[in-house]
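First the structure, in the form of structure tokens, and then the observations on it.
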Amino acid sequence: MPLRPGRCYRHFSGPPYTRKEYIPGVPGPKITKFTVGNPKGAYEYELRLVAIETGQIRHNALEAARVNALKYLSKKTGGENEFWLWVLKYPHHVLRENKMMAFAGADRLQDGMRLSFGKPIGTAARVSRQGDIVMILRVPAKHLEVGKQALEIAKSKLPLKMRIDVVPLAKEAPAQ
């Protein structure tokens, strides 16, 4: 079985570590835009990237998935007015690492496990339940296959197992 990326921080135990006002030096999340495209367009389908397993998704993995899906969609549909992409998960959880030196003589410079709370190295979004929606994409019927392919590309950038659900959007009944 091939290894998937992000296996160091994929699984979690314990409560989330989110109180950033008490944590000095937390790096900001790399993901900057959570919605891209035209939210008011006439779309027939909603494609959802749904988590099959629980775990954590680092902020740089979320950004990589969003950027690659956006590039593919923009290239194949002809512009950002043809779709609407929304990343639902926000990286709240602060990841910590007890950095150890790994060179000759390092044993005289570090304390090992003494005071090993760790320094913040990044943030992650927690997927705490199976079936949590990570990303939503709305497209017209003519771009349904392009949308599926874009979410397949985004799925390959994420460390957890995902599935793509296609939900037809109900047409509103005309007002009488």
Check: Do we have any residue at all in segment 123-145 that's of a type in the set (Gly, Ala, Ser), at pLDDT below 95 and under 16 Å from Leu73 (Cβ atoms)?
Finding: yes
Check: Between residues in segment 23-34 that are on the phi < 0 side of the Ramachandran plot and residues that are surrounded by 14 or more Cβ atoms within 10 Å (Cβ to Cβ) and of a type in the set (Phe, Trp, Tyr), which pairs lie under 7 Å by C-beta distance while being six or more apart or on different chains?
Finding: Phe34/Trp86
Notebook entry, point to check: Scanning segment 35-51 for residues that are of a type outside the set (Val, Ile, Thr), assigned to a strand (DSSP E or B) and touching a helix residue (DSSP H, G or I) at 6+ places or on another chain (Cβ under 8 Å), which turns out surrounded by the most Cβ atoms within 10 Å (Cβ to Cβ)?
Noted result: Leu49
Notebook entry, point to check: Only one of (1) surrounded by fewer than 17 Cβ atoms within 10 Å (Cβ to Cβ); (2) farther than 26 Å from Pro27 by Cα; (3) among the hydroxyl-bearing types (Ser, Thr, Tyr) is not met by Thr54, so which one is it?
Noted result: (2)
Next item on the list: Would you check which residues across segment 68-82 are of a type in the set (Val, Ile, Thr) and either buried (at least 21 other Cβ atoms within 10 Å of the Cβ) or closer than 12 Å to Met135 by Cβ (or both) and list them?
Entry: none
Notebook entry, point to check: Looking at (1) at pLDDT below 90; (2) closer than 23 Å to His143 by Cα, can you tell me which one Arg96 breaks?
Noted result: (2)
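For segment 126-147, state whether one or more residues are free of Cβ contacts under 8 Å to residues at least 12 places away in the same chain and not β-branched (Val, Ile, Thr). Reasoning before the result, please.
Initially, segment 126-147 is screened for residues free of Cβ contacts under 8 Å to residues at least 12 places away in the same chain, giving 142, 145.
Keeping just the survivors that are not β-branched (Val, Ile, Thr) gives 142, 145.
There is at least one residue in segment 126-147 that is free of Cβ contacts under 8 Å to residues at least 12 places away in the same chain and not β-branched (Val, Ile, Thr).
The values are calculated or read from the model by the stated rules, or taken from the named source; none is laboratory data. Given the structure is predicted, the values throughout are model-derived calculations rather than measurements. Don't worry about glycine lacking a Cβ; one is built from the backbone with ideal geometry, like all the others, and counts go over all protein chains shown.
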